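Below: one structure, written as structure tokens.
The values are calculated or read from the model by the stated rules, or taken from the named source; none is laboratory data. These numbers were taken from a predicted model, which means no experiment stands behind them. The protein model used for the area step is the full one, side chains on, heavy atoms only, and it has no ligands, DNA or RNA in it. Shrake-Rupley method; radii C 1.70, N 1.55, O 1.52, S 1.80 Å.
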Amino acid sequence: LLKLFADASESVKLELTSKDPRKASFILEIVAQASHQIQTCAREKSAGYSAAHAHVQSLHASGGLGEAQLAEFARAGKFDETSVALSFICSLPIALVERAFVDDRSEQIIVIAKAVGLSWETVKGILLLQDKVKNDSKHKLDQHFETFTRLQVETAKKAIQFYRLRERATTPRPH
């Protein structure tokens, strides 16, 4: 559902901004807000997500959440558990992590993982949860490995700070 909406909202943004380029920033903001609300609603109503969140939160509280557990979730194909665990490990909002998963580009996942010092094997498992990466060639996965290897930890940490600031600025506040 998240992937479907992400694709649809991209199409809507392109169509609407091409019809009235003067209102492009306003349109992009409105579509982003709608996307965020739908994503939040879908997450909150998902029994699978609720169970995954409770399980991962329990692991986190007991000190049992780390790279090994994250890698296990990814290898088992558990999207909700993997995204929630990555959110806790990176101290990033779940909405941001979910959007990184449904995005057609894998760079944001790579940056997040590099910032917290995850190994390539764990990152590869996480990337393989993305439909696009699953269907990519081995060559594309090798390119992701090169990106991961070249990326400096400090650069990734700065990007994470930017993600946090951007998320705070774009998250709708309750009235």
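Order the following by accessible area, largest value first: 148, 88. Probe radius 1.4 Å; ligands, DNA and RNA are ignored.
Sorted descending by solvent-accessible area, the residues read 88, 148.
Here is the link list: 23/157; 23/140; 124/158; 114/140; 78/114; 23/158. Which ones come out longer than 27 Å on Cα distance?
Values: 23/157 33 Å; 23/140 36 Å; 124/158 22 Å; 114/140 18 Å; 78/114 21 Å; 23/158 31 Å.
Those over the limit are 23/157; 23/140; 23/158.
Rounded to the nearest whole Å², what accessible area per residue is found for the range 74-158 with the 1.4 Å probe?
Numbers: 4130 Å² over 85 residues.
Heavy-atom SASA per residue in the range 74-158 reads 49 Å².
Any idea what the alpha-carbon Rg over 2.2 N^0.38 Å comes to for the range 59-160? Each step should come with its number before you reach the end.
Working: Rg = 12.6 Å, N = 102, 2.2 N^0.38 = 12.8 Å.
Ratio of Cα Rg to 2.2 N^0.38 Å: 0.98.
Which order do 50, 87 take when ranked by solvent-accessible area (1.4 Å probe, heavy atoms of all protein chains), largest first? Don't skip to the end; give the middle numbers.
Values: 50 60, 87 15 Å².
Ranked list, largest accessible area first: 50, 87.
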